[in-house]
Amino acid sequence: MEGSLRRTPAQRRSRARVERLVEAAEAEFSEVGYDSASTRSIAARAETSIGSLYQFFPHKRALLDAVAARHLAGLDQVTAAASGAASHSAAGPAGTPAAGTPGTPEESGPPDPPGPLAAPDTASAAVGARLRTVHGAVIEGVIDYTAAHPGVRPLLCPVFPSLDLTEIAASMQAAIAQRVERAFAGAGVAPDRCAPAAEVYVRILAALLWHAVDAEGTRHPAPCRELRAVLGAYVEALLPASE
């Protein structure tokens, strides 16, 4: 948020005022749309003067940047949790190698026979398990986040985009895709596919999320189910051929 501020608030009361302004801006953008919102209406919603708003934010776009930064920080936690879930899946609950990894016997049966022919299958199975874990954590985390913070919807995929909203959506999608790319890489997706796959994954997610969660934060079961199905099928296509 600091990059969008005219000056950084030093006192607690000033910081609280900035938070109120950002919250008011998000509510205003969600209710009337970014183009129809004005700095004056945002200041009124925040119960502060227009002069106080301009002390911290030079224009409406700076408020939009601050709202986007707040949501990007929240979505960072989602993608970080997804990467962590994949690591946990790979290591197992006690920090030991997960069942099915090369050289580790399955608890439910004898170990795989040694030899080079067994390794590719067990390795691809491990990639599949980690990738499905990443996918599950990302998609459920993003749906949960959007239901709790529906103001993120027009920032990720604006329906009536202005130039400012188009730039914000592109920036947010690119930032999220970078984090998903790292999670895909950690899961073992082929290096040459990580970046393009993450970009496609995030674009599909952003586009369909609009229908899965509405402006009130209500989840709609059928679109949520279809969103999971579409991205689940895409993730399966990223798995190694032997998987």
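Just so it is clear, none of the values below were taken in a lab; they were calculated from the coordinates. Predicted model, so just to flag it, every value in this text is computed and none were measured. In this analysis, Cβ positions are derived from the backbone assuming ideal geometry, glycine residues included, and neighbour counts consider all displayed protein chains.
Enumerate the calculated ³J(HN,Hα) couplings along segment 152-159 in order (Karplus 6.51 cos²θ - 1.76 cosθ + 1.60, θ = phi - 60°), each rounded to whole Hz, writing x wherever the residue is Gly or Pro.
6, 4, x, 7, 7, 8, x, 7
Between ARG12 and VAL32, what length in nm is gained on full extension when 0.36 nm per residue of separation is reduced by their alpha carbon distance?
4.2 nm
For segment 26-78, run through the trypsin sites (Lys or Arg not before Pro) and keep only the ones in DSSP coil with at most 12 other Cβ atoms within 10 Å of their Cβ.
Filter output for segment 26-78: empty list.
How large is ³J(HN,Hα) for each residue in segment 51-64, as worked out from phi by the Karplus curve 6.51 cos²θ - 1.76 cosθ + 1.60 (θ = phi - 60°), to whole Hz, x for Gly and Pro?
These are the phi-based 3J(HN,Hα) values: x, 5, 4, 6, 5, 10, 10, x, 6, 5, 4, 5, 5, 4 Hz.
From the phi of every residue in segment 222-227, what ³J(HN,Hα) in whole Hz does the Karplus formula 6.51 cos²θ - 1.76 cosθ + 1.60 yield, where θ is phi - 60° and glycine or proline is x?
Each residue of segment 222-227 in turn: 5, x, 4, 5, 5, 4 Hz.
Tell me which GluC sites (Glu not before Pro) from segment 166-221 have a DSSP coil assignment and no more than 16 other beta carbons within 10 Å of their own.
Taking segment 166-221 and a limit of 16 other Cβ atoms within 10 Å, the loop GluC sites (Glu not before Pro) found are GLU216.
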